[in-house]
Amino acid sequence: MEMKEELLKKIENKEIIVGVVGLGYVGLPLAVEKAKAGFKTIGFDVQNQKVDMVNAGVNYIGDVVDSDLKKLVDDSKLQATTDFSFVKDVDFIAICVPTPLDAHQEPDTSYIRASAEAISKYLKPNTMVVLESTTYPGTTEELIQPILESGSGLKCGIDFYLGFSPERVDPGNLIYKTKNTPKVVGAIGTDALEVISAMYKSVLEGEVYTVSSPSIAEMEKILENTYRNINIGLVNELSRLCHKMGISIWEVIDAAKTKPYGFQAFYPGPGLGGHCIPLDPYYLTWKAREYGFHTTLIENSMVINDSQPEYCVERAMHILNHHRKAINGAKVLVLGVAYKQDIDDYRESPALTLIDELNRVGAHVEFFDPWVSNYKKNGEKFYSIKELTPKKIQCYDLVVVACAHTNIDYNMIQKNAKAVFDTKNAMKDIVIRDNIEVL
């Protein structure tokens, strides 16, 4: 029986054994959904702690339901391991590892490369391999395919199928989760595209949209996040102009979004955070240089967004000067270090850069975050203050709202703070007094 027919039949009969490499914010929810759909699933990760927690049914990802994870583990539908030799048992492998930037702001593909090398040692015929990690166009065919073929001795399209399907995970989103978010799939060859798409369709409720190649799917993902990066850069720049003109950018945006067509609202803030939007444009600009092409508009938006924490510090200095206080020696409280509201993820959070910049100019900085009790940076751990009380707030010369968590009592803060710099417009629903300035 040909590989295509065999795999389609195994998908229909729920006989596929699934492997998910990388049990983070993308990989663990995907593994859970595969297992819930009736496929025995093996999660692979190099971190023993994550593996042990999954096997104990202990959830560490916000978008996974605890009871779902526990039941799947108890029913032997889901297990985790650090032993990649179990790759020989699986029929479908999704690679969901990080794709950060290195010290030179260039793509760090070491996690992808290491995963592909580990898989190649045990890859068996009639297996589907799909990269889900966000990366530059060409990665699947230029990097992953040669590694898998040389390490396994198998031929792509003949012995195994290879594709790319970008992750779409929005931590904290109450509507769209892994299961109901539309999925884009690109693969090497029409047979691979048909079979890999069938695998996703058997698991997900969202539409599975196919494209003609992995590179199209890779570029599509970069477009999604670069689109947001550019538009956020636009409103960040306009917010600076509006401040000089004495105009509220927030009121401007509220008015503009009444237009029912041709406009989507984006909002300013202290910078960009998360695992995608601040990083993905760098992947594209790096790849573009290979073709002698400079992505001028994209690079300009990145400059604006990357400089936003420094701009916020400048604004903080002016606010303190207005209150006859120098930034050097001032006591500053930063509210929120997560990269978005009501989650515990602080990856690439601009609040961390904001804190560093405040410290650099001599401020004494503490932070409070009801979701993040501590964070690590450059090997050092920093801890949130325990609680917010009126007496505690009164001790600070300036309170800076860097993340608009909804479970913070902004009314109490407004009443007791000497000065507040609200970079997220978190206090829009309470009476504004003279001690508050908005970005």
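Figure the gain on full extension for ASP356 and ASN173 (residue separation times 0.36 nm, minus the Cα-Cα span) and round it to one decimal in nm.
Details: separation 183, 0.36 × 183 = 65.88 nm, distance 2.90 nm.
So the chain would gain 63.0 nm between ASP356 and ASN173.
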To the nearest 0.05, the calculated FRET efficiency linking LYS392 and GLU2 through their beta-carbon distance, R0 being 56 Å, is 0.20
Taking the alpha-carbon centroid of each part, what is the distance from region 4-63 to region 269-316 in angstrom?
-> 34 Å
R0 of 45 Å, Cβ-Cβ distance SER67-ARG324: FRET efficiency to nearest 0.05 = 0.20
Given Cβ charges of +1 for Lys and Arg and -1 for Asp and Glu, the option among ILE112, SER349, THR82 whose Cα lies farthest towards the positive end of the dipole of the chain is SER349
What angle do you read, to the nearest 10 degrees and between 0 and 90, between the alpha-carbon axis of helix 296-306 and the longest principal axis of the chain?
-> 60 degrees
Given the C-alpha centroids of region 86-105 and region 383-420, what is the distance between them in whole angstrom?
-> 40 Å
Once the in-chain neighbours fewer than 8 apart are removed, the lysines whose Cα is under 16 Å from LYS70 read LYS34, LYS36, LYS40, LYS50
Test item: Cα-centred dipole of the chain, Lys/Arg +1 and Asp/Glu -1 on Cβ, debye = 1200 debye
Which residues in region 24-45 have a backbone N closer than 13 Å to a point placed 7 Å from the Cα of SER202 along the Cα-to-Cβ line?
-> 34-41
For the pair ILE430 and GLU366, how long in nm is the line joining their label points, each one 7 Å along Cα→Cβ?
-> 1.8 nm
Using mean Cβ contacts within 10 Å as the protection proxy, how do 27-39, 64-76 order, highest first?
-> 27-39, 64-76
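If the chain between LYS415 and TYR227 were fully stretched, how many nm would it gain, using 0.36 nm times the residue separation less the Cα-Cα distance?
Details: separation 188, 0.36 × 188 = 67.68 nm, distance 3.88 nm.
Difference between extended and current length: 63.8 nm.
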Rounded to 10°, Cα long-axis angle of helix 308-322 versus longest principal axis of the chain = 20 degrees
Which residues does a label at LYS331 reach in region 394-412, if reach means a backbone N under 17 Å from a point 7 Å past the Cα toward the Cβ?
-> 394-400
Carbon and sulfur atoms account, in whole percent of the 1.4 Å probe accessible area of the chain, for 52 percent
Taking Cα centroids, how far is region 107-130 from region 145-200 in Å?
-> 13 Å
Rounded to one decimal in nm, the spacing of the 7 Å Cα→Cβ label points at ASP254 and THR81 is 5.7 nm
Quick calc: nm separation of the 7 Å Cα→Cβ label points for GLU310 and ASN48 -> 4.3 nm
Of MET53, MET219, MET199, the one that fluctuates the most in a GNM where the chain has Cα springs shorter than 10 Å = MET53
From the Cα gyration tensor of region 1-155, with a ≥ b ≥ c the square roots of its eigenvalues, which class applies: rounded if a/c is under 1.5, or else prolate if a/b is larger than b/c, or else oblate?
-> oblate
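Could you tell me which trypsin sites (Lys or Arg not before Pro) in region 212-291 are loop residues by DSSP with no more than 12 other beta carbons within 10 angstrom of their beta carbon? Kindly include the intermediate steps, with their values, before the conclusion.
On the way: sites: LYS221, ARG228, ARG240, LYS244, LYS257, LYS287, ARG289; in loops: LYS257.
Filter output for region 212-291: LYS257.
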Using the alpha-carbon atoms, what tilt in degrees (0 to 90, nearest 10) does helix 110-120 show relative to the longest principal axis of the chain?
-> 20 degrees
quick note, the chain, DSSP beta bridge pairs, % antiparallel (nearest 5) is 15 percent
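The values are calculated or read from the model by the stated rules, or taken from the named source; none is laboratory data. For clarity, every value in this text was computed on a predicted model and none was experimentally measured. Positions of Cβ are backbone-derived with ideal geometry, glycine not excepted, and every protein chain shown enters the neighbour counts. These area figures cover heavy atoms from the full protein model, side chains too; ligands, DNA and RNA do not enter into them. Shrake-Rupley method; radii C 1.70, N 1.55, O 1.52, S 1.80 Å.
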